[in-house]
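Novice: Quick one: structure below, then a few questions.
The values are calculated or read from the model by the stated rules, or taken from the named source; none is laboratory data. Predicted, not measured: the structure shown is a model, and the values here were computed from it. Surface accessibility is based on the protein's heavy atoms, side chains included, excluding ligands, DNA and RNA. Shrake-Rupley method; radii C 1.70, N 1.55, O 1.52, S 1.80 Å.
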Amino acid sequence: MPQQAKRDIDTEPPAFIGGPTGSAAGDVHRRVEGPVTYLEADSLERPLEMPLADYRKLLPILLIALVLSAAVIIAYNMAVMGDVQKTRDQVAAAIDRDVSLDLPQLQDYAGKTNEAMIASLKAAGYTLHDNTNDEDRNVDGFDIFRIASDMDPEKAAQAYSQGIENLGPVDTARYLKGSWRFLVSRANGAEIRLRYADFDSANPTEAIQAAAAAQGFEDVNISDAAVDTMGNTNLSGTFKKDKVEYAYTISSCDLSQVYEIEGLPENAQFVGIRVTEASAV
């Protein structure tokens with residue numbers, strides 16, 4: 001009897017498997033090898049294929065998903081295009097304002113002290129923002145913005161202090177139009193610079209011609225203008241004042257090389273005028 005009991009224990013499946021073996025067990029198949037019972041893996045090796053009827057049920061859902069995705073993408077692209085066009089229209093409106101540059105003639109400021117130059121600028125009726133920093137003071141100079149006549153002085157001063165290049169395209173165009181920057185440095189002799197955006201000239205050559213006329217420089221030969229390695233068009237010359245000869249250089253390049261403005265006119269130019277003392281006559 002003890003031996004018979006041992007055989008029953010060895011041949012019966014473990015309790016955790018449960019149920020009969022063979023086809024009577026339904027979906028669970030087992031094989032017994034001595035005291036060990038294994039689950040059959042045949043059912044797991046069958047290919048997993050969705051019935052055709054189920055595919056047909058999914059087709060409308062997939063089509064709806066594709067249509068919704070396309071609608072979202074189209075709506076997004078239209079919104080982006082609308083924003084771009086809106087920005088361009090606002091930039092165009094900022095540039096089309098009826099406001100004059102009213103440039104100062106640097107010949108009038110050559111040979112003056114800093115105090116005398118600032119006093120002359122104020123006496124001319126310009127609304128100014130003093131942007132001078134420690135670096136300018138270290139070279140005994142100053143940095144001043146002229147605020148356009150139709151702009152709020154406080155808001156403009158805040159914009160210039162923040163840096164025009166850090167503004168959005170619309171504000172950048174708004175604060176460039178009708179404005180200029182007047183800088184003085186005395187690190188290597190007196191040097192006066194005037195910088196501004198020209199929205200009227202069609203190319204650098206025209207911008208230089210307009211600048212020379214505004215400054216009253218005589219005997220200007222525009223054919224002498226040359227393009228440097230940086231892509232700037234330059235024209236140089238001299239003038240005399242109080243027995244002192246001064247050298248000037250007018251430079252121009254596309255405004256897009258200096259400021260990134262969405263909707264900026266292709267012909268917009270950036271102009272810089274530099275005056276230095278050449279020699280005593």
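Novice: Could you do me a favour and compute the accessible area per residue for region 183-247, 1.4 Å probe, result in Å²?
Specialist: Result: 55 Å² of accessible area for each residue.
Novice: Can you give the Rg to Rh ratio for region 61-220, taking only C-alpha atoms and Rh from Kirkwood? Could you put the intermediate results ahead of the total?
Specialist: Numbers: Rg = 22.0 Å, Rh = 18.6 Å.
My calculation of the ratio gives 1.18.
Novice: I've got another one for you. Just the accessible area for residue 206, please: 1.4 Å probe, Å², rounded to the nearest 10?
Specialist: About 80 Å², ignoring ligands and nucleic acids.
Novice: Using a probe of 1.4 angstrom, how much of the accessible area of region 213-281 is carbon and sulfur, in percent?
Specialist: Looking at region 213-281 in its full context, I get 45 percent from C and S.
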